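Let me begin by presenting the structure, written as structure tokens, before commenting on it.
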Amino acid sequence: MLGVQLLGNEKVTVKEYPEPILTYKNDLLIQVKASGLCGSEMHGYRSPTPHTSNGGHEVAGEVIDAGRSTKFEVGDRVGVHAVWGCGDCRWCGVGKYTYCNNRTGRDLGTHVERFAAPDHVCLKLPEDIPFDVGVLLTGDGCGVPYHVSQRLNTKGGDFVCVLGAGPVGLGNTIVQSFLGAEVIAIDINDYRLSLAKAAGAAHTINSKDTDPLAAITEITHGMLVDKCIEAAGRPETLKLAFTLVGVAGIIMCVGEQGDLPISPSRDLIRKDITLMGSWFYHYSEYPAMLDLYRRGLPIGRMITDHFPLVEAQTAFSKFANGQAGKVMLEP
Ligand SMILES: [Zn+2]
Ligand SMILES: [Zn+2]
């Protein structure tokens with residue numbers, strides 16, 4: 001079967017791989033219908049060393065062999081949760097795999113025609129959910145911003161600043177706007193800001209030519225924002241978040257990054273600021289996300305491109321150059 005291999009130095013190839021086999025007792029064999037590119041794959045894409053496979057992990061498809069699974073059958077449409085809990089502990093029992101101490105996982109490499117995954121990490125996609133939207137609903141695209149929204153408890157009329165308008169920022173813009181927030185999106189890429197506008201942002205700021213603090217002071221009549229979502233994963237944007245959030249506000253870290261000095265007195269204490277983190281989403285949150293989609297959440301707006309698997313190089317280049325929202329590879 002065909003699949004993508006990351007060759008390093010921003011090169012990919014599509015090559016022949018052995019057919020996957022069902023290894024564990026509850027494995028399913030899944031025919032890929034859509035596999036999304038994720039910002040987390042860019043490290044491997046840009047690194048000088050070749051990868052034996054690819055970093056694909058946001059995927060939807062159809063079960064073509066249900067093995068010994070008692071939960072799924074051939075023909076079921078599924079998406080896959082990218083964080084695999086052990087399936088047996090207290091947290092896994094309530095569908096909170098990200099809290100499991102014994103997380104497992106396989107380097108799925110889903111930019112392929114077929115792959116195998118255990119049934120307890122698969123989520124059934126109803127017939128009314130297109131496969132590309134299914135990738136978002138069971139993966140980072142909707143999962144990450146939905147989980148953020150649960151942690152932030154956004155109310156109608158809140159001013160929410162989203163720092164970074166890549167796929168994670170776009171997803172947060174869509175979810176926060178849908179929940180009634182007045183979203184201010186900040187980036188340095190005009191194309192991505194145009195996507196944020198289409199995704200529901202009430203205001204967009206290119207911080208290369210506009211001072212974000214001055215602009216946000218004007219938009220919020222000096223109150224600054226209620227919530228600030230850091231979705232760029234950069235020290236300068238997290239520092240900026242501390243200046244843009246108003247008293248008693250919340251800063252939500254979503255973009256992964258390393259150590260950063262903060263001043264508890266200046267950054268947190270004197271303004272009653274809450275600093276939070278949010279990682280991925282809970283398996284158990286999927287029904288609520290489906291419900292939100294059916295009530296009109298326009299999450300599909302973050303998808304800008306669909307490419308056949310064989311055009312993986314074009315897809316990766318476009319995504320890596322910041323000229324795309326969410327990109328789907330379709331075998
Ligand atoms: Zn991802
Ligand atoms: Zn567990």
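The values are calculated or read from the model by the stated rules, or taken from the named source; none is laboratory data. Quick caveat: nothing in here was measured; it's all calculated off a predicted structure. All Cβ positions, even for glycine, are placed from backbone atoms using ideal geometry, and neighbour counts span all protein chains on display. Keep in mind that these areas ignore ligands, DNA and RNA; they rest on the heavy atoms of the full protein, side chains included. Shrake-Rupley method; radii C 1.70, N 1.55, O 1.52, S 1.80 Å.
Consider the stretch 71-84 and keep the residues that are more than 25 Å from the chain's Cα centre (by Cα) and touching a residue at least 24 places away in the same chain (Cβ under 8 Å). The one that is farthest from ligand 2 (Cβ to nearest atom) is F72. When the stretch 167-200 is limited to residues that are in contact with an Asp or Glu (Cβ under 8 Å, 6 or more places away or on another chain) and small (G, A, S), the one that is farthest from A248 (Cα to Cα) turns out to be A196. Restricting attention to the stretch 1-48 and to residues that are under 21 Å from the mean Cα position of the chain (by Cα) and of a type in the set (K, R), the residue that is surrounded by the most Cβ atoms within 10 Å (Cβ to Cβ) turns out to be K33.
Mind telling me which of the residues I273, I250, I229 ends up being in the same structural domain as V183 (by TED's automatic domain parsing), touching a Lys or Arg at 6+ places or on another chain (Cβ under 6 Å), more than 30 Å from L2 (Cα to Cα) and open to solvent by less than 60 Å² (accessible area, probe 1.4 Å)? If you could, list the steps in order and put the result at the bottom.
Values: I273 fails: touching a Lys or Arg at 6+ places or on another chain (Cβ under 6 Å); I229 fails: touching a Lys or Arg at 6+ places or on another chain (Cβ under 6 Å).
Selected residue: I250, the only one of I273, I250, I229 that is in the same structural domain as V183 (by TED's automatic domain parsing), touching a Lys or Arg at 6+ places or on another chain (Cβ under 6 Å), more than 30 Å from L2 (Cα to Cα) and open to solvent by less than 60 Å² (accessible area, probe 1.4 Å).
Residues that are open to solvent by less than 10 Å² (accessible area, probe 1.4 Å) number at least 3 in the following helices (runs of 4 or more DSSP H) confined to the stretch 126-206: 131-138, 140-152, 167-178. Scanning the stretch 85-103 for residues that are under 21 Å from the mean Cα position of the chain (by Cα) and more than 9 Å from ligand 2 (Cβ to nearest atom) gives G95, T98.
Among the criteria (1) within 16 Å of ligand 2 (Cβ to nearest atom); (2) modelled with pLDDT of 95 or more, the one V121 does not fulfil is (2). Screening H221 against (1) open to solvent by less than 20 Å² (accessible area, probe 1.4 Å); (2) over 16 Å from M302 (Cα atoms); (3) of a type outside the set (S, T, Y) leaves a single unmet condition, (1).
Checking the conditions here, which among G55, G79, G67, G39 is away from ligand 1 (no atom under 15 Å from the Cβ) and small (G, A, S)?
Checking each option against the conditions leaves just G67.
Please find, within the stretch 83-106, the residue that is farthest from ligand 1 (Cβ to nearest atom) out of those that are open to solvent by less than 50 Å² (accessible area, probe 1.4 Å), at negative phi and not aromatic (F, W, Y). Of everything passing the filter in the stretch 83-106, C89 is farthest from ligand 1 (Cβ to nearest atom). Just to verify a result, which residue in the stretch 68-77, among those that are of a type outside the set (S, T, N, Q) and touching a helix residue (DSSP H, G or I) at 6+ places or on another chain (Cβ under 8 Å), is surrounded by the fewest Cβ atoms within 10 Å (Cβ to Cβ)? Step by step, filter the stretch 68-77, then rank; the result is K71. Residue-level check: of (1) under 16 Å from the mean Cα position of the chain (by Cα); (2) over 27 Å from L2 (Cα atoms); (3) open to solvent by less than 20 Å² (accessible area, probe 1.4 Å), P298 misses just (3). Is it the case that some residue within the stretch 219-233 is free of Cβ contacts under 8 Å to residues at least 24 places away in the same chain and more than 16 Å from L193 (Cβ to Cβ)? Yes; the residues of the stretch 219-233 include at least one that is free of Cβ contacts under 8 Å to residues at least 24 places away in the same chain and more than 16 Å from L193 (Cβ to Cβ). Could you say whether any residue in the stretch 40-55 is assigned by TED's automatic domain parsing to the domain that holds Q313 and within 16 Å of ligand 2 (Cβ to nearest atom)? No, because not a single residue in the stretch 40-55 is assigned by TED's automatic domain parsing to the domain that holds Q313 and within 16 Å of ligand 2 (Cβ to nearest atom).
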